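See below for the structure under consideration.
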Amino acid sequence: MVPDHFQVIDFNKKLKSWYLKNHRPLLWRQTTDPYKIWLSEIILQQTRVAHGTPYYEKFLHHYPTVFDLANADERDVLRLWQGLGYYSRARNMHFTARQIVNEYGGRFPETAAKLSKLKGLGNYTAAAIASFAFGEAVAAIDGNVYRVMSRIFGIQSDMLSNEGKKEFAALAKELVSHEDPATYNQAMIEFGAIQCVPVSPDCSVCPFNDICYAYAFKMQNQLPVKSKKGAVKKRFFNYFIIQKGEKLALRERTAKDIWKGLYDFFLVESAKPLVSPEDFAGYKTLNELSQTGIIREIPKEYIHVLSHQKLHVHFWWITVPLEKSPDLPENLAFYSKEEVEELPKPILIDTVLKEVHYL
DNA sequence: AATTCGTGGTA
DNA sequence: TTACCAAGAAT
């Protein structure tokens, strides 16, 4: 709850004034088109503006309307998303585009309550679209807003716990401007992004340093409180790149695991790194394949770090003679160089193919 | 409710 | 080198 002495009207006035003077001219702020706003919000989830901006422009160029996105193949959408990470965002966005077209006539629902029922839209994104595109007076609470509220009001609850989220939500509901909710939400987010930054904010120029709890008690670097993440797990990936002529064998990842929907090579995951040919003894299909063609090692260990996993990756290249047609395991299939280029791939796979000058 | 889902940048 | 961070959501 907002303390008795806190002046919500004054706060909103100063915040808006700060925003009008200091905000960045980001592309997706120049429109009230819910499609464009939705696209930007999905792209920016857990993603820096600098990283997401080129993707926003690419998507808008390829898919100018929700109808264009709905008509696209999921594979092409994932290919355009390649390099952004958290690929379920792209799959959910594509699914939702089709739903908007097929069930809503191409028009987005206009309230946060309805929007949040769509795939890929949680409380934050639904509120952002509802306020930016339709002017609904709902608070959009992202990581920036949690930080700003936590510092100004001295809220020390864990912002990632359910209890903490309720507390922040109740406060945010009292703060949101009913006069201009869109600018209020943009301003809170922007204020957190460029003034009330996570590490070592310059509080000397902050318009709220006279009312800020964190500034008064020098707790800028202690707030907000976030529960710590779990340990990073090690995994050992052994990739076998099977080549026949110009073609490579790839397969779509369909398991409930990282990189779902993307394409990679024949993969043997092991508890420890496989170093010598003797280590392959236990893998039947691998032995058969290695006898089919020439196998050589890419003498390098790739370390690929994800948010909760650290991959130790080794690549082997198997060249199959043109006259032979090995039985490919799993759902592997041969793709031409042009097809390989067009398939959505984890950034690691793309990097390796470029390093060996295949792509 | 705790985990899991990428990638790149920075201190 | 490690840890943290970046316009969160799904399970």
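The values are calculated or read from the model by the stated rules, or taken from the named source; none is laboratory data. Keep in mind that what you see is a predicted model, and the values were worked out from it rather than measured. Reconstructed Cβ throughout: ideal geometry from the backbone, glycine too, with neighbour counts over all protein chains shown. Heavy atoms of the whole protein, side chains included, go into the accessibility calculation; ligands, DNA and RNA do not. Shrake-Rupley method; radii C 1.70, N 1.55, O 1.52, S 1.80 Å.
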When you go through (1) under 13 Å from A:TYR146 (Cα atoms); (2) open to solvent by 30 Å² or more (accessible area, probe 1.4 Å); (3) not assigned by TED's automatic domain parsing to the domain that holds A:TRP18 one by one for A:ASN221, which number turns out not to apply?
-> (1)
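Scan segment A:238-263 for residues that are surrounded by 15 or more Cβ atoms within 10 Å (Cβ to Cβ), farther than 17 Å from A:VAL320 by Cβ and either hydrophobic (A, V, I, L, M, F, W, C) or more than 32 Å from the chain's Cα centre (by Cα) (or both) and jot them down.
First pass over segment A:238-263, keeping only residues surrounded by 15 or more Cβ atoms within 10 Å (Cβ to Cβ): A:238-244, A:247-253, A:258-259, A:261-263.
Checking the rest, the ones that are also farther than 17 Å from A:VAL320 by Cβ come to A:238, A:252-253, A:258-259, A:261-263.
Those that are surrounded by 15 or more Cβ atoms within 10 Å (Cβ to Cβ), farther than 17 Å from A:VAL320 by Cβ and either hydrophobic (A, V, I, L, M, F, W, C) or more than 32 Å from the chain's Cα centre (by Cα) (or both): A:ILE258, A:TRP259, A:LEU262.
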Check on A:PHE280, outside the structural domain of A:LYS14 (by TED's automatic domain parsing) and more than 16 Å from DNA strand B (Cβ to nearest atom) = yes
Output the residues belonging to segment A:45-93 that are within 12 Å of DNA strand C (Cβ to nearest atom), more than 13 Å from A:TRP259 (Cα to Cα) and open to solvent by less than 70 Å² (accessible area, probe 1.4 Å).
-> A:GLN45, A:THR47, A:VAL49, A:GLY52, A:THR53, A:TYR56, A:ASN92, A:MET93
Over segment A:253-280, the set of residues in contact with a strand residue (DSSP E or B) (Cβ under 8 Å, 6 or more places away or on another chain) and among the polar types (S, T, N, Q) is A:SER270
Tell me, yes or no, whether segment A:119-126 has at least one residue that is within 15 Å of DNA strand B (Cβ to nearest atom), open to solvent by 10 Å² or more (accessible area, probe 1.4 Å) and closer than 30 Å to A:THR351 by Cα.
-> yes
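Check segment A:315-330 and report whether any residue there is within 16 Å of DNA strand B (Cβ to nearest atom) and either out of contact with any Ser or Thr (no Cβ under 9 Å at 6 or more places or on another chain) or more than 11 Å from A:ILE241 (Cβ to Cβ) (or both). Talk me through it step by step, then tell me what you get.
We begin by selecting, within segment A:315-330, every residue within 16 Å of DNA strand B (Cβ to nearest atom); these are A:315.
Right, trim to either out of contact with any Ser or Thr (no Cβ under 9 Å at 6 or more places or on another chain) or more than 11 Å from A:ILE241 (Cβ to Cβ) (or both) and you get A:315.
Checking segment A:315-330: at least one residue is within 16 Å of DNA strand B (Cβ to nearest atom) and either out of contact with any Ser or Thr (no Cβ under 9 Å at 6 or more places or on another chain) or more than 11 Å from A:ILE241 (Cβ to Cβ) (or both).
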Helices (runs of 4 or more DSSP H) (entirely within segment A:90-163) containing at least 2 residues that are among the charged types (D, E, K, R) | A:143-153
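Picking from A:PHE217, A:PHE208, A:PHE168, which residue would you name as being among the hydrophobic types (A, V, I, L, M, F, W, C), more than 8 Å from DNA strand C (Cβ to nearest atom) and within 25 Å of the chain's Cα centre (by Cα)? Steps first, answer last, please.
Details: A:PHE217 fails: within 25 Å of the chain's Cα centre (by Cα); A:PHE208 fails: within 25 Å of the chain's Cα centre (by Cα).
Matching residue, one of A:PHE217, A:PHE208, A:PHE168: A:PHE168.
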For segment A:26-42, does any single residue satisfy the condition of being in contact with a Gly (Cβ under 9 Å, 6 or more places away or on another chain), within 12 Å of DNA strand B (Cβ to nearest atom) and farther than 27 Å from A:GLU339 by Cα?
-> yes
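When you check A:HIS312 against the structure, is it within 16 Å of DNA strand C (Cβ to nearest atom) and surrounded by 16 or more Cβ atoms within 10 Å (Cβ to Cβ), yes or no?
Numbers: within 16 Å of DNA strand C (Cβ to nearest atom): yes; surrounded by 16 or more Cβ atoms within 10 Å (Cβ to Cβ): yes.
Judged against the criteria, A:HIS312 is a match.
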Within segment A:170-193, identify whether any single residue is out of contact with any Lys or Arg (no Cβ under 9 Å at 6 or more places or on another chain) and within 16 Å of DNA strand B (Cβ to nearest atom), and answer yes or no.
-> no
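Yes or no, residue by residue, for (1) at pLDDT below 95; (2) within 16 Å of DNA strand C (Cβ to nearest atom); (3) surrounded by fewer than 16 Cβ atoms within 10 Å (Cβ to Cβ); (4) among the hydrophobic types (A, V, I, L, M, F, W, C):
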{"residue": "A:PHE265", "(1), (2), (3), (4)": "no, no, no, yes"}
{"residue": "A:PRO273", "(1), (2), (3), (4)": "yes, no, yes, no"}
{"residue": "A:SER276", "(1), (2), (3), (4)": "yes, no, yes, no"}
{"residue": "A:GLY282", "(1), (2), (3), (4)": "yes, no, yes, no"}
{"residue": "A:THR292", "(1), (2), (3), (4)": "yes, no, no, no"}
{"residue": "A:LYS300", "(1), (2), (3), (4)": "yes, yes, yes, no"}
{"residue": "A:LYS337", "(1), (2), (3), (4)": "no, no, yes, no"}
{"residue": "A:GLU342", "(1), (2), (3), (4)": "no, no, yes, no"}
{"residue": "A:ASP350", "(1), (2), (3), (4)": "no, no, no, no"}
Among the candidates A:GLU174, A:GLU179, A:GLU110, residue that is within 21 Å of A:ILE43 (Cα to Cα), open to solvent by 30 Å² or more (accessible area, probe 1.4 Å) and in the same structural domain as A:GLU41 (by TED's automatic domain parsing) | A:GLU110
Neighbours by Cβ (under 8 Å, 6+ apart or cross-chain): first from segment A:331-356, away from DNA strand B (no atom under 16 Å from the Cβ); second polar (S, T, N, Q) | A:ASN331/A:THR254
